[in-house]
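Take a look at the structure set out below.
The values are calculated or read from the model by the stated rules, or taken from the named source; none is laboratory data. Note that the structure is predicted; figures quoted are calculated from it, not measured. All Cβ positions, even for glycine, are placed from backbone atoms using ideal geometry, and neighbour counts span all protein chains on display. Please note that ligands, DNA and RNA were not included when accessible areas were found on the heavy atoms of the full protein model with its side chains. Shrake-Rupley method; radii C 1.70, N 1.55, O 1.52, S 1.80 Å.
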Amino acid sequence: MEELIRIEDILIGPAEAEEFLKSVSKVPLGARSIASYVTLGRIPVLKRGSTTLFSKAALMDWDRQGRPNTGQEIRRVFS
């Protein structure tokens, strides 16, 4: 069964992700770092391309898990 994502869970772009992480993380990231992490596959994203979307729940889980930093680690944590 697919998990539904609520619209209020969506963040658009690295700037919104930065603001969200500032409120939930002990060590927040800047928008440039987040954009770099997207390119490197080091952060969970919903869509790459012209519009990068993030899930608040996925970012909080990623942060709580110690920020796994490879695509393989991220898939293992979020599968």
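Tabulated data for the structure shown
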{"quantity": "Extension gain (nm, one decimal) between residue 9 and residue 65, 0.36 nm per residue minus Cα-Cα", "calculated": "18.3 nm"}
{"quantity": "Total formal charge among the other residues, if their Cβ is under 13 angstrom from that of residue 22, Lys/Arg +1 and Asp/Glu -1", "calculated": "-2"}
{"quantity": "Charge context of residue 63, other residues only, Cβ under 13 angstrom, K/R +1, D/E -1", "calculated": "+4"}
{"quantity": "Residue order for 26, 47 - accessible surface, 1.4 angstrom probe, largest first", "calculated": "26, 47"}
